[in-house]
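The values are calculated or read from the model by the stated rules, or taken from the named source; none is laboratory data. As the structure is a computational prediction, the values presented were derived from the model and not from experiment. For neighbour counting, all protein chains shown are included, and Cβ atoms are generated from backbone atoms with ideal geometry for every residue, glycine included. Heavy atoms of the whole protein, side chains included, go into the accessibility calculation; ligands, DNA and RNA do not. Shrake-Rupley method; radii C 1.70, N 1.55, O 1.52, S 1.80 Å.
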Amino acid sequence: MTMRFMIYGVGFALAATLVPFSLPGRAMAEAGACHDLVGTYLTMNFAKGAGSGDFTSRSVIVLSGSGQASFTDSGEGGEAGFGPFTDGRGSWRCIEANKLHAITLDFTTPTTEQPKADIGRLDFDLAYEPASKNIKGTAVLRLVPLGSDPLAPGKGDGRQFEITGQRVEAP
């Protein structure tokens, strides 16, 4: 074996050994404390302070093992004073065992009443109950003009929601 192949072999072995130690914090957290959170959830969303029987919308929230989050909502067609919007995409991270913070971004679509598009940012803080396989928590929606930075920390209270959801599982 030539010296060149030996060096490549040592380099490959060293790289293979270091890969587990170089995984992003998110992946390691999901593999441990938040692994059970990965999945798809059907939620009921309540405007904060509304009665428990008076939900605002239903949603599907998907949390992937790679830290991606997606959000689809029954209210995407819009409502009075609030224009239609697209599905949301973003990311999530484990905060502690069975608790997460996620951010999704979506776009409003212009209407006669709301002629300028905005970017919607939803900040989720959710907890998972392993025994019931349910999630529960809050979401805050903030809208910013299309040319603004939606990744900057939110200002103001935004529109607040309480969320409850159950895991969707294949039969």
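Determine, from the Cβ-Cβ distance of ASP87 and LYS133 and an R0 of 25 Å, the FRET efficiency 1/(1 + (r/R0)^6), rounded to the nearest 0.05.
Approximately 0.60, to the nearest 0.05.
At 7 Å along the Cα-to-beta-carbon direction for both THR112 and HIS35, put a label point, then send me their distance in nm to one decimal.
Distance between the two pseudo-spin positions: 5.6 nm.
Taking the Cβ-Cβ separation of GLU96 and ARG159 as r and a Förster radius of 25 Å, what is the calculated FRET efficiency to the nearest 0.05?
That pair, GLU96 with ARG159, gives E of 0.40.
Of GLU162, GLU76, which has the most accessible area with a 1.4 Å probe, and how do the rest follow in descending order?
GLU162, GLU76
When only the heavy atoms of the protein chains count and the probe is 1.4 Å, how do ILE103, ILE135, ILE95 rank by accessible area, highest first?
The residues order as ILE95, ILE103, ILE135, largest area first.
When the accessible area of region 96-171 is computed with all protein chains present and a 1.4 Å probe, what percentage of it is carbon and sulfur?
C and S fraction of accessible area: 55 percent.
For region 68-171, what is the accessible area per residue in Å², given a 1.4 Å probe and the full set of protein chains?
57
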